[in-house]
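Read the structure below first, then the notes.
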Amino acid sequence: MRAQGQAKGRPTASRKEAEAARQVEPNIFARIARFVRQVVQELRKVVTPTRNELFTYIGVVIVFLVVMMIYVGVLDFGFGRLVLWAFGG
């Protein structure tokens with residue numbers, strides 16, 4: 001069900017290729033069908049991570065969030081102390 005001999009993993013068409021292939025605008029149903037076909041083609045290119053990769057990604061995200069929470073917490077504490085010092089608290 002590949003259109004025009006496109007192989008799996010083929011990069012998206014360049015602007016020049018897309019304009020060359022463009023013709024008269026089809027009706028709304030044809031455009032919806034083309035959109036659905038293009039979505040399916042793009043979803044076939046998606047690579048699912050392995051179990052180890054998934055846990056690695058989860059770990060990286062959690063570590064990043066903890067670091068950002070600490071950073072924002074320190075800034076919040078510092079600005080709070082600065083405001084209390086400036087305006088007397």
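Read-outs throughout are calculated quantities, based only on the coordinates presented, and are distinct from any laboratory measurement. Everything numeric in this text was worked out from a predicted model, so none of it was measured. Note: ideal-geometry Cβ built from the backbone for every residue, glycine included; neighbour counts use all protein chains shown.
Restriction of the trypsin sites (Lys or Arg not before Pro) in region 43-88 to DSSP coil positions whose beta-carbon has at most 16 other beta-carbons within 10 angstrom yields Lys45.
Length gained on full extension, Glu25 to Val60: 8.0 nm, using 0.36 nm per residue less the C-alpha separation.
Rounded to the nearest 500, the 222 nm mean residue ellipticity of the chain from helices alone is -23500 deg cm²/dmol, with -39,500 (n - 2.57) taken per DSSP H run of at least 4 residues. If I take all pairs of Cα atoms in the chain, what percentage of them are more than 22 Å from each other? Tail fraction, whole percent: 62.
Computed extension length for Ile70-Gln41: 6.2 nm, one decimal, from 0.36 nm per residue of separation with the Cα-Cα distance subtracted.
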